[in-house]
Amino acid sequence: MKKTAVVTGAGAGIGQGIALALAQKGCKVYANARSAQKLKKTLELCKDYDVEPLVFDVTKEDEVKAALLGLATVDVLVNNAGVGIYKPYEEIDAADWDLVLNTNVKGYFFVTKYALERMARGGSIINLSSGAAKTGGEFVSLPYSSSKGAINALTISYARMLAPQGIRVNAVSPGFVDTSMLTHNNKPKEYYDGVIPLGRLGLPKDIANMVAFLASEEADFITGQIIEVNGGDIMG
């Protein structure tokens with residue numbers, strides 16, 4: 001794919017895997033994080049490919065606007081930046097809700113808004129959701145699960161709005177993936193081998209492979225879909 005891609009939250013975990021996968025497919029990738037330091041490992045991992053840092057905070061509209069309008073074109077946008085709250089329900093307060101919704105929902109809106117000013121027909125937007133949008137998630141909290149449900153709705157709304165312009169919008173919904181976020185569940189990795197029907201924990205590359213597919217012309221008749229990638233943990 002000779003395309004220009006922007007990947008938010010690319011400093012680690014799933015975002016890092018997506019940046020690498022798209023770069024390996026031939027994309028020019030702009031890897032985003034809130035600071036250059038957070039992108040150091042990603043840039044080292046992608047040193048043999050065309051990957052550049054793009055520093056901005058997704059919750060700050062002025063930063064998002066300046067960064068994205070500074071690009072000549074955006075063919076692929078991957079909204080991945082997100083946060084969770086890991087505390088008992090009784091301790092969650094308004095500030096926690098604001099942090100999660102501002103990052104996970106409003107942040108997706110800001111980035112999409114300005115990416116669209118640089119996106120032409122044939123563009124693809126891929127949002128990262130979560131199985132917690134459907135099942136809830138005890139360890140990821142009410143704000144996180146709610147934000148991912150909002151992302152699903154945002155994905156479908158954008159897909160309907162942008163279809164006449166030839167721009168596709170989909171979401172990838174991971175299940176349990178081997179990233180630092182998983183440590184908050186306080187369970188050993190071996191636990192998931194018995195819980196997930198395919199018998200193993202997901203890897204960032206499993207999610208990245210689906211994102212790369214949705215970004216490609218092979219998926220040019222797919223839009224408005226929330227695609228579960230979870231080893232069978234959620235079916236149907």
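The values are calculated or read from the model by the stated rules, or taken from the named source; none is laboratory data. Model, not experiment: these values are computed from the prediction. For neighbour counting, all protein chains shown are included, and Cβ atoms are generated from backbone atoms with ideal geometry for every residue, glycine included. Accessible surface is based on the protein model in full, side chains and every heavy atom, while ligands, DNA and RNA are left aside. Shrake-Rupley method; radii C 1.70, N 1.55, O 1.52, S 1.80 Å.
Listing for the model above:
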item	result
Identified option (computed mean projected area of the Cα convex hull in nm²; candidates [x] 12.4; [y] 14.6; [z] 16.3)	[x]
In nm, spacing of pseudo-spin labels at Glu91 and Arg121 (7 Å Cα→C-beta vector)	5.4 nm
With every protein chain in place, the chain: carbon and sulfur % of accessible area (1.4 Å)	53 percent
Heavy-atom surface of the stretch 83-236, accessible at 1.4 Å and reported per residue (Å²)	50 Å²
Gap separating the Cα centres of the stretch 64-84 and the stretch 142-172, nearest whole Å	16 Å
Aspartates and glutamates whose Cα lies under 16 Å from that of Lys60, excluding same-chain neighbours fewer than 8 positions away	Asp98
Potential lengthening between Lys205 and Phe221 on full extension [0.36 nm per residue; Cα-Cα distance subtracted]	3.4 nm
Potential lengthening between Asp98 and Glu63 on full extension [0.36 nm per residue; Cα-Cα distance subtracted]	10.7 nm
Paramagnetic label zone (point 7 Å from Cα along Cα-to-C-beta, Lys2; backbone N under 16 Å) in the stretch 32-52	50
Additional length obtainable on full extension of the chain from Lys187 to Phe109, 0.36 nm per residue less Cα span	24.7 nm
Tensor-based shape of the stretch 1-74 (alpha-carbon gyration tensor, a/c under 1.5 rounded, otherwise prolate or oblate)	oblate
Taking the chain and dividing mean pair separation by its residue count, relative contact order in percent (alpha carbons under 8 Å, at least six apart)	20 percent
Value of [θ]222 nm, deg cm²/dmol, for the chain, DSSP H segments ≥ 4, -39500 (n - 2.57) each, nearest 500	-10500 deg cm²/dmol
Backbone HN-Hα couplings from phi across the stretch 31-45 [Karplus 6.51/-1.76/1.60, Hz, Gly and Pro as x]	8, 9, 7, 6, 8, 5, 4, 5, 9, 4, 5, 5, 5, 5, 5
Across Lys2/Lys47; Lys38/Lys113; Lys28/Lys189; Lys2/Lys113; Lys106/Lys189, pairs whose alpha-carbon gap is larger than 26 Å	Lys28/Lys189; Lys106/Lys189
